[in-house]
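Q: Please see the structure below; I have some questions.
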Amino acid sequence: MQKRHVELDTASRKKIKMVLRSKRVTMEAKKRAQILLDIDESGGRKPESVSTITAKRGVSPNTITNVRRKYTESGIDAAIFRKKRETPPVVAKVTGEVEAHIIAVCCSAPPEGKEHWSMKMIADKIVLDGVIGSISDETVRLVLKKRNLSRT
(Lines give C-alpha, C1' and ligand atoms only; values in the text may rest on other atoms or scores of the structure.)
Protein backbone atom coordinates (compact mmCIF):
# COMPACT_ATOMS: atom_id res chain seq x y z
CA MET A 1 0.00 0.00 0.00
CA GLN A 2 1.39 3.37 -1.03
CA LYS A 3 1.59 6.10 1.61
CA ARG A 4 0.01 9.38 0.61
CA HIS A 5 2.12 12.40 1.48
CA VAL A 6 0.44 15.61 2.59
CA GLU A 7 2.47 18.74 1.94
CA LEU A 8 0.59 21.96 2.61
CA ASP A 9 1.60 25.17 0.89
CA THR A 10 1.26 28.62 2.44
CA ALA A 11 -2.19 29.27 0.94
CA SER A 12 -3.51 25.94 2.25
CA ARG A 13 -2.18 26.63 5.74
CA LYS A 14 -3.80 30.06 5.67
CA LYS A 15 -7.13 28.54 4.61
CA ILE A 16 -6.93 25.93 7.38
CA LYS A 17 -6.22 28.61 9.99
CA MET A 18 -9.24 30.59 8.76
CA VAL A 19 -11.40 27.45 9.06
CA LEU A 20 -10.18 26.90 12.61
CA ARG A 21 -10.98 30.50 13.59
CA SER A 22 -14.38 30.59 11.92
CA LYS A 23 -17.53 30.33 14.03
CA ARG A 24 -19.64 29.16 11.07
CA VAL A 25 -17.72 25.92 10.48
CA THR A 26 -18.78 22.65 12.10
CA MET A 27 -16.61 20.97 14.71
CA GLU A 28 -16.29 18.01 12.35
CA ALA A 29 -14.68 20.25 9.70
CA LYS A 30 -12.42 21.84 12.30
CA LYS A 31 -11.19 18.41 13.42
CA ARG A 32 -10.38 17.49 9.83
CA ALA A 33 -8.49 20.78 9.41
CA GLN A 34 -6.50 20.07 12.59
CA ILE A 35 -5.73 16.57 11.30
CA LEU A 36 -4.36 18.08 8.08
CA LEU A 37 -2.04 20.29 10.11
CA ASP A 38 -0.93 17.28 12.17
CA ILE A 39 -0.09 15.13 9.11
CA ASP A 40 1.60 17.95 7.18
CA GLU A 41 5.07 17.03 5.91
CA SER A 42 6.03 20.35 4.29
CA GLY A 43 9.39 21.94 5.05
CA GLY A 44 10.98 18.63 6.04
CA ARG A 45 8.64 18.43 9.03
CA LYS A 46 7.96 14.97 10.47
CA PRO A 47 4.21 14.34 10.77
CA GLU A 48 2.72 13.10 14.00
CA SER A 49 1.95 9.40 14.25
CA VAL A 50 -1.57 8.10 13.72
CA SER A 51 -1.81 6.90 17.33
CA THR A 52 -0.80 10.35 18.63
CA ILE A 53 -3.38 12.09 16.43
CA THR A 54 -6.16 9.67 17.42
CA ALA A 55 -5.48 10.30 21.10
CA LYS A 56 -5.10 14.06 20.69
CA ARG A 57 -8.08 14.67 18.38
CA GLY A 58 -10.44 11.92 19.53
CA VAL A 59 -10.89 10.38 16.08
CA SER A 60 -10.43 6.91 14.66
CA PRO A 61 -7.41 5.91 12.53
CA ASN A 62 -9.81 5.51 9.57
CA THR A 63 -10.71 9.19 9.82
CA ILE A 64 -7.07 10.15 9.49
CA THR A 65 -6.65 7.82 6.51
CA ASN A 66 -9.77 9.25 4.86
CA VAL A 67 -8.65 12.87 5.36
CA ARG A 68 -5.23 12.05 3.90
CA ARG A 69 -6.79 10.24 0.91
CA LYS A 70 -9.32 12.99 0.19
CA TYR A 71 -6.63 15.66 0.36
CA THR A 72 -4.30 13.87 -2.06
CA GLU A 73 -7.10 12.96 -4.48
CA SER A 74 -9.38 16.00 -4.44
CA GLY A 75 -7.74 18.86 -2.56
CA ILE A 76 -8.21 20.79 0.63
CA ASP A 77 -11.94 21.56 0.34
CA ALA A 78 -12.85 17.90 -0.17
CA ALA A 79 -10.70 16.90 2.81
CA ILE A 80 -12.24 19.42 5.21
CA PHE A 81 -15.85 19.94 4.13
CA ARG A 82 -18.64 17.48 3.38
CA LYS A 83 -19.88 17.09 -0.16
CA LYS A 84 -23.13 18.94 -0.88
CA ARG A 85 -26.09 16.79 -1.82
CA GLU A 86 -27.14 17.07 -5.45
CA THR A 87 -30.70 15.89 -4.94
CA PRO A 88 -32.87 16.17 -1.85
CA PRO A 89 -33.64 12.96 0.06
CA VAL A 90 -37.34 13.27 -0.81
CA VAL A 91 -38.49 14.78 -4.07
CA ALA A 92 -40.77 17.77 -3.50
CA LYS A 93 -44.42 16.93 -4.09
CA VAL A 94 -45.46 20.53 -4.69
CA THR A 95 -43.84 21.88 -7.85
CA GLY A 96 -44.21 25.31 -9.38
CA GLU A 97 -47.12 24.09 -11.49
CA VAL A 98 -49.02 22.80 -8.44
CA GLU A 99 -48.31 26.08 -6.58
CA ALA A 100 -49.68 28.02 -9.54
CA HIS A 101 -52.91 25.98 -9.47
CA ILE A 102 -53.28 26.47 -5.72
CA ILE A 103 -52.86 30.22 -6.11
CA ALA A 104 -55.27 30.30 -9.05
CA VAL A 105 -57.94 28.45 -7.07
CA CYS A 106 -57.39 30.69 -4.06
CA CYS A 107 -57.76 33.82 -6.19
CA SER A 108 -60.89 32.56 -8.00
CA ALA A 109 -64.42 33.04 -6.75
CA PRO A 110 -65.38 30.66 -3.92
CA PRO A 111 -67.98 27.94 -4.53
CA GLU A 112 -71.64 28.88 -4.44
CA GLY A 113 -72.93 29.28 -0.90
CA LYS A 114 -69.46 29.87 0.57
CA GLU A 115 -67.97 33.19 1.56
CA HIS A 116 -64.33 32.15 1.02
CA TRP A 117 -62.19 29.10 0.26
CA SER A 118 -61.14 26.85 3.14
CA MET A 119 -57.81 25.04 3.00
CA LYS A 120 -59.60 21.71 2.72
CA MET A 121 -61.76 22.97 -0.15
CA ILE A 122 -58.70 24.21 -2.04
CA ALA A 123 -56.93 20.86 -1.52
CA ASP A 124 -60.00 18.94 -2.72
CA LYS A 125 -60.37 21.17 -5.78
CA ILE A 126 -56.71 20.67 -6.77
CA VAL A 127 -57.10 16.88 -6.48
CA LEU A 128 -60.40 16.91 -8.42
CA ASP A 129 -58.80 18.96 -11.20
CA GLY A 130 -56.18 16.21 -11.55
CA VAL A 131 -53.23 18.48 -10.85
CA ILE A 132 -51.86 16.21 -8.12
CA GLY A 133 -52.80 12.79 -6.72
CA SER A 134 -53.26 13.93 -3.13
CA ILE A 135 -52.44 16.98 -1.05
CA SER A 136 -53.18 17.97 2.52
CA ASP A 137 -54.78 21.19 3.64
CA GLU A 138 -51.62 21.93 5.66
CA THR A 139 -49.52 21.85 2.48
CA VAL A 140 -51.97 24.27 0.85
CA ARG A 141 -51.67 26.54 3.88
CA LEU A 142 -47.88 26.51 3.69
CA VAL A 143 -47.92 27.36 -0.04
CA LEU A 144 -50.25 30.30 0.58
CA LYS A 145 -48.21 31.47 3.56
CA LYS A 146 -45.03 31.32 1.48
CA ARG A 147 -46.63 33.62 -1.10
CA ASN A 148 -48.26 35.92 1.53
CA LEU A 149 -51.73 35.15 0.24
CA SER A 150 -54.95 34.85 2.21
CA ARG A 151 -58.03 32.79 1.32
CA THR A 152 -60.23 35.81 0.72
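Q: May I ask you to list the residues in segment 9-58 that are closer than 13 Å to Asp77 by Cα and in a loop (DSSP other than H, G, I, E, B)?
A: Matches in segment 9-58: Val25 only.
Q: Now for a separate question. Is it the case that segment 66-77 has a residue that's surrounded by 12 or more Cβ atoms within 10 Å (Cβ to Cβ) and outside any helix (DSSP H, G or I)?
A: No, the conditions are met nowhere in segment 66-77.
Q: For segment 102-118, give me each residue that is buried (at least 18 other Cβ atoms within 10 Å of the Cβ) and not in a loop (DSSP other than H, G, I, E, B).
A: If the condition is that a residue be buried (at least 18 other Cβ atoms within 10 Å of the Cβ) and not in a loop (DSSP other than H, G, I, E, B), then Ile102, Val105, Cys106 are the ones that fit.
Q: Then there is this: Taking Val6 as the residue in question, decide whether it is out of contact with any Cys (no Cβ under 8 Å at 6 or more places or on another chain) and either touching a residue at least 40 places away in the same chain (Cβ under 8 Å) or surrounded by fewer than 16 Cβ atoms within 10 Å (Cβ to Cβ) (or both).
A: Yes; evaluated as a whole, the condition is true for this residue.
Q: Tell me which residues, restricted to segment 119-149, are in contact (Cβ under 8 Å) with a residue 24 or more places away in the chain and part of a loop (DSSP other than H, G, I, E, B).
A: Those that are in contact (Cβ under 8 Å) with a residue 24 or more places away in the chain and part of a loop (DSSP other than H, G, I, E, B): Asp129, Val131, Ile132, Ile135, Arg147, Leu149.
Every residue, every condition in (1) at pLDDT below 95; (2) touching a helix residue (DSSP H, G or I) at 6+ places or on another chain (Cβ under 6 Å); (3) closer than 30 Å to Val131 by Cβ; (4) of a type in the set (D, E, K, R), yes or no:
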| residue | (1), (2), (3), (4) |
| --- | --- |
| Gly58 | yes, no, no, no |
| Pro61 | yes, yes, no, no |
| Lys83 | yes, no, no, yes |
| Thr87 | yes, no, yes, no |
| Ala92 | yes, no, yes, no |
| Thr95 | yes, no, yes, no |
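Q: Just a yes or no: is a residue in segment 89-97 in a loop (DSSP other than H, G, I, E, B), surrounded by 12 or more Cβ atoms within 10 Å (Cβ to Cβ) and either over 31 Å from the mean Cα position of the chain (by Cα) or not hydroxyl-bearing (Ser, Thr, Tyr) (or both)?
A: yes
The values are calculated or read from the model by the stated rules, or taken from the named source; none is laboratory data. Just so it is clear, the model here is predicted, and its values are computed rather than measured. Reconstructed Cβ throughout: ideal geometry from the backbone, glycine too, with neighbour counts over all protein chains shown.
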